[in-house]
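Have a look at the structure below before the remarks.
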Amino acid sequence: VSTNKVDELKSKYNIEKDDFVIGQVGHLTVEKNQIFTIELVEKLVTKYDFKRIKCLFIGEGQKKKELEKIIDEKKLNEYFIFTGAVNTIPEHLKVLDMFVFPSLYEGFGMALVEAQAAGIYSLSSNNVPKTTDMELDLVKYLLKTYNIDADHVIRHFDVTGKYCPGIVKKNAATFAMA
């Protein structure tokens, strides 16, 4: 995937250089659990004052209007981008700093395999088969997907030393690894 293609997508979606970009790939349905990601972004923005975040929902589905309404009610519109269905999943994955895969259930989880193949750090629910982990040290499993724990997610951001350093420094005591 060329850097130019990634830069074009970032420009298309108004993603700034300093934005931390998370995203999900898949149908917009209950089982894909986009609500989890909305609540994660809400906590990062409100509890941790993290304003340089964007979230891409890559895909279409029956819950799109409902998700847009929830985002609007929470006044989080500026942080979310609905791309619709795309033919360029590898390019879109390269836009992300982190892939989020909070599925309530999953047959296999091909999107998680694709994210790892693209070299993208991923947070996955425990409901995704562990056979999707390619053992590249890119997947961290969430303790819960039904009760959002932003602190747990932030601790995982810090694992790589790359993600959200401002939040981690600002709240170092809160995020101390156990």
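The values are calculated or read from the model by the stated rules, or taken from the named source; none is laboratory data. Fair warning: this is a prediction, and the values are worked out from it, not measured in the lab. Because the Cβ atoms are built from the backbone with ideal geometry, glycine has one as well, and the counts that use them run over all protein chains shown. We work out accessible area using only protein heavy atoms, side chains counted, and drop any ligands, DNA or RNA first. Shrake-Rupley method; radii C 1.70, N 1.55, O 1.52, S 1.80 Å.
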Name every residue in the stretch 97-116 that is out of contact with any Pro (no Cβ under 7 Å at 6 or more places or on another chain), open to solvent by less than 10 Å² (accessible area, probe 1.4 Å) and not in a helix (DSSP H, G or I), in order of residue number.
MET98, PHE99, VAL100, PHE101, PRO102, SER103
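Please tell me if PHE57 is touching a residue at least 12 places away in the same chain (Cβ under 8 Å) and touching a Gly at 6+ places or on another chain (Cβ under 8 Å). It would help to see each step written out before you state the result.
Working: touching a residue at least 12 places away in the same chain (Cβ under 8 Å): yes; touching a Gly at 6+ places or on another chain (Cβ under 8 Å): yes.
Considered against the rule, which asks whether it is touching a residue at least 12 places away in the same chain (Cβ under 8 Å) and touching a Gly at 6+ places or on another chain (Cβ under 8 Å), PHE57 comes out as yes.
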Residue check for ILE58: part of a strand (DSSP E or B) and either within 19 Å of LYS10 (Cα to Cα) or open to solvent by less than 20 Å² (accessible area, probe 1.4 Å) (or both)
yes
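From the residues in the stretch 10-30 that are out of contact with any Leu (no Cβ under 9 Å at 6 or more places or on another chain) and modelled with pLDDT of 95 or more, which one is most open to solvent (accessible area, probe 1.4 Å)?
Step one: filter the stretch 10-30 for residues out of contact with any Leu (no Cβ under 9 Å at 6 or more places or on another chain), giving 10-12, 14, 16-19, 26-27, 29.
Now drop any that are not modelled with pLDDT of 95 or more, which leaves 10-12, 14, 26-27, 29.
Working: LYS10: 63, SER11: 82, LYS12: 138, ASN14: 112, GLY26: 22, HIS27: 122, THR29: 20 Å².
Here the answer is LYS12.
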Pairs with Cβ under 8 Å, 6+ apart, first in the stretch 16-45 and on the phi > 0 side of the Ramachandran plot, second among the polar types (S, T, N, Q)
GLY26/SER103; ASN33/SER103; ASN33/SER125; ASN33/THR145
Given (1) open to solvent by 50 Å² or more (accessible area, probe 1.4 Å); (2) under 15 Å from LEU40 (Cα atoms); (3) modelled with pLDDT under 95, identify the lone condition not met by ILE53.
(1)
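Please work out if VAL128 is touching an Asp or Glu at 6+ places or on another chain (Cβ under 6 Å), buried (at least 17 other Cβ atoms within 10 Å of the Cβ) and not hydroxyl-bearing (Ser, Thr, Tyr).
Working: touching an Asp or Glu at 6+ places or on another chain (Cβ under 6 Å): yes; buried (at least 17 other Cβ atoms within 10 Å of the Cβ): yes; not hydroxyl-bearing (Ser, Thr, Tyr): yes.
Yes; evaluated as a whole, the condition is true for this residue.
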If ASN33 meets every condition in (1) in contact with a Pro (Cβ under 8 Å, 6 or more places away or on another chain); (2) surrounded by fewer than 18 Cβ atoms within 10 Å (Cβ to Cβ) apart from one, which number is that one?
(2)
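Does the stretch 64-81 contain any residue that is hydroxyl-bearing (Ser, Thr, Tyr), open to solvent by less than 70 Å² (accessible area, probe 1.4 Å), under 28 Å from SER2 (Cβ atoms) and assigned to a strand (DSSP E or B)? Show your work before the answer.
We begin by selecting, within the stretch 64-81, every residue hydroxyl-bearing (Ser, Thr, Tyr); these are 79.
Next, only the ones that are open to solvent by less than 70 Å² (accessible area, probe 1.4 Å) stay: 79.
Cutting the leftovers down to under 28 Å from SER2 (Cβ atoms) gives us 79.
Pick out the ones that are also assigned to a strand (DSSP E or B) and you get none.
Within the stretch 64-81, not a single residue is hydroxyl-bearing (Ser, Thr, Tyr), open to solvent by less than 70 Å² (accessible area, probe 1.4 Å), under 28 Å from SER2 (Cβ atoms) and assigned to a strand (DSSP E or B).
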Only one of LEU93, LEU40 is among the hydrophobic types (A, V, I, L, M, F, W, C), modelled with pLDDT of 95 or more and either out of contact with any strand residue (DSSP E or B) (no Cβ under 8 Å at 6 or more places or on another chain) or not in a strand (DSSP E or B) (or both). Can you tell me which?
LEU93
